[in-house]
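Notes follow the structure.
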Amino acid sequence: MGRKSAYRKKRQNKLSMFLTTLVVLMLLVVVSIGSYSMRGKLSSYLERQASLEEQIANEHERAREIENQEKFTNTMKYVEETARKRLGLVYEGEIIFRQGN
C-alpha cells in the first residue's frame, strides 16, 4: 500500500500543479487583455484631452477678441466709422469727393 499511496499523492500533486498553472495562465491572459483595453482607452482619453485643451485655448482667444471688439465699439472712432459707412454722414463743412463711374 505504501507504493500505491505514494503514487496517488504524486499524481494528485501533478494534477494540482497543472490546475494551479492553468489558473495562473488564465489570470495572466485576462489581465493582459484588460491592460491592452486600458491602454486603448488611455490613448483615446489623451487625444480627447488634447482636443479639449485646444478648444479651450481657441475659446480664450475668441473671448479676448470679443472683449477687444467691445472696447472698440465704445470708442468715438467706431461711432464715426459706422456713421460714415452705413449712414453716409459727414462732418459739417467736410467736402466729399466721389469718383465717377
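The values are calculated or read from the model by the stated rules, or taken from the named source; none is laboratory data. What you see is a predicted model, and the numbers here were worked out from it, not measured in a lab. Cβ placement follows ideal geometry from the backbone for every residue including glycine, while neighbour counts extend to all protein chains displayed. For accessibility, only protein heavy atoms count, side chains too; no ligands or nucleic acids. Shrake-Rupley method; radii C 1.70, N 1.55, O 1.52, S 1.80 Å.
Of note:
- Residues of segment 70-101 that are open to solvent by less than 100 Å² (accessible area, probe 1.4 Å) and among the polar types (S, T, N, Q): 73, 75, 82.
- Any hit, segment 35-48, residues being over 20 Å from the mean Cα position of the chain (by Cα) and either surrounded by 10 or more Cβ atoms within 10 Å (Cβ to Cβ) or modelled with pLDDT under 95 (or both): yes
- Checking segment 17-25 against the condition returns no match, with no residue being surrounded by fewer than 10 Cβ atoms within 10 Å (Cβ to Cβ) and more than 42 Å from the chain's Cα centre (by Cα).
- Of the criteria (1) more than 41 Å from the chain's Cα centre (by Cα); (2) at pLDDT 95 or above; (3) open to solvent by 100 Å² or more (accessible area, probe 1.4 Å), which one residue 28 fails: (1)
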